[in-house]
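Trainee: Shown below is the structure under consideration.
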Amino acid sequence: MKKVIITLAVALLITASAVAFKNVYSCEMPIQNRGIRDAVNTGDLDVLFIGSSTFRANVDMPMMDEAYDGRVYDISYGGNQLVATAIQYEEIKKRSDNEYGLMVFELGPMMITQEVALSDSRVIWDLSFPGKTALWQSMYEAGNTDFSMFYEYFVTSGMDDLITFPITERFYSTRYYKGAKTDESVSPGAEWLENEEFDISGKELVPAQADAVIDIIEECKRDGQPFVFLESPCYYRLQEDPAFERFRGQFIKLLDENEAPYILASDVDFDSHEADYFEDMNHMSAAGRREYTKELIRVLKENGEKLSQAAEPK
């Protein structure tokens, strides 16, 4: 019996140590080609994207690399929320003394309709412990922190990544390059895209996400950090959906009221009616992201000086 008790005690101690290590030191794990740590270790950047899987799928990083001499990076998470984006910005500023020529935040109309919740375990993994607790506080204020969420957030989330790190890291590091996808994804075809069902008519603006937009703007202005909000094109059926246009209008109103620069999908020469350019409603195929990135680079370079001036304290 004594041996069983000792075995259980050791097992609990090992488990508790692993959980503590994950929560405190996961942000220091040597992850390659994705996440905050790798972006910080890349050094000074001319362009840093911060957004959701839309940026991850729609920005061709090798093309950006060529245009900006390698001084670019893309921090993107699945379902990334604006509340989390504000915390990610703070993390980057606190964890490095790097210079960032331009920070590009995602102007995703549907991002302001998301409930404040855990959308991607990678978000937690990449944050320092203070960042983890800040995001948890935001979820608490939104009423999304019951015991099961607490257990998932601080105990189970990311534990598989910690255990399998030596094996899975080699695999994942080839799937991404500086945070962006490297796969040669193809379109499922016009027929599939024309028949994919979606309904966003019942969505509503979530005040916490709108407040986070203002937080990002105020923090960038406080720091004198050049920034811009970028709307990435969606397949025209979503791009032209009345509800989508309504949320875009609400997002733009927030930016206008707070004197923040932005680039809309219509400001970049890209055909959102071309089915071959899309993998689904809001993620591009490899062909689409290359065509889009080519035009995006031109727009960013043309507006570079203006965007830098917009960040200067008034």
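Read-outs throughout are calculated quantities, based only on the coordinates presented, and are distinct from any laboratory measurement. Everything quoted here is computed from the prediction, not taken from an experiment. Please note: Cβ atoms are built from the backbone with ideal geometry, for glycine as well, and neighbour counts cover all protein chains shown.
Trainee: Which value, in Å to one decimal place, does the Kirkwood hydrodynamic radius take for region 255-307 when every pair of different Cα atoms is included? Please report the intermediate quantities before stating the final value.
Mentor: On the way: mean 1/r = 0.0808 Å⁻¹.
Computed over Cα pairs of region 255-307, the Kirkwood hydrodynamic radius comes out at 12.4 Å.
Trainee: Please give the charge dipole size of region 2-310, origin at the Cα centre, charges +1 on K and R Cβ atoms and -1 on D and E Cβ atoms. Round to the nearest 20 debye.
Mentor: It comes to approximately 1520 debye.
Trainee: Using alpha carbons only, how many degrees (0 to 90, rounded to 10) separate the axis of helix 207-223 from the longest principal axis of the chain?
Mentor: It works out to around 80 degrees.
Trainee: In sequence order, what are the phi-derived ³J(HN,Hα) couplings for region 271-280 according to the Karplus relation 6.51 cos²θ - 1.76 cosθ + 1.60 with θ = phi - 60°, rounded to whole Hz, with x for glycine and proline?
Mentor: 8, 6, 8, 7, 4, 4, 8, 10, 8, 7
Trainee: Using the 10 angstrom Cβ neighbour count as an exposure proxy, how do T182, T156 rank, fewest first?
Mentor: Numbers: T182 15, T156 12.
By the 10 Å Cβ count, ascending, the order reads T156, T182.
Trainee: Can you flag which of K2/K22; K181/K203; K2/K132; K22/K301; K132/K221 are past 32 Å Cα-Cα?
Mentor: Exceeds cut-off: K2/K132; K22/K301.
Trainee: Here's a follow-up. Between region 212-239 and region 272-294, what's the alpha-carbon centroid distance in Å?
Mentor: Region 212-239 and region 272-294 have Cα centres spaced 21 Å from each other.
Trainee: May I have the convex hull volume per residue, in Å³, for the Cα set of the chain?
Mentor: 149
Trainee: Just to confirm the number: angle between the C-alpha axis of helix 82-94 and the first principal axis of the chain, 0 to 90 degrees, nearest 10?
Mentor: It works out to around 70 degrees.
Trainee: To the nearest 0.05, what FRET efficiency results for T164 and V24 with a Förster distance of 22 Å applied to their C-beta separation? Don't skip to the answer; put the middle values down first.
Mentor: Values: r = 20 Å, r/R0 = 0.89.
According to the calculation, E is roughly 0.65.
Trainee: In terms of the Cα gyration tensor, with a ≥ b ≥ c the square roots of its eigenvalues, is region 38-137 rounded because a/c is under 1.5, prolate because a/b exceeds b/c, or oblate?
Mentor: Note, shape of region 38-137 comes out oblate.
Trainee: Using alpha-carbon pairs under 8 Å, 6+ residues apart, how would you state the relative contact order of region 2-310 in percent?
Mentor: Computed value for region 2-310: 25 percent relative contact order.
Trainee: For the chain, what is the mean residue ellipticity at 222 nm derived from helices alone (per DSSP H run of n ≥ 4: -39500 (n - 2.57); sum divided by total residues; nearest 500 deg cm²/dmol)?
Mentor: Values: 14 runs with 166 residues, N = 314.
The helix-only estimate for the chain comes to -16500 deg cm²/dmol at 222 nm.
Trainee: How far is the Cα center of region 131-181 from the Cα center of region 27-85, in Å?
Mentor: A separation of 17 Å, based on Cα centres.
Trainee: If you don't mind, there's one more thing I want to ask. Which FRET efficiency value, to the nearest 0.05, is calculated for M149 and R298 with the Förster distance at 45 angstrom and r the Cβ-Cβ distance?
Mentor: 0.55
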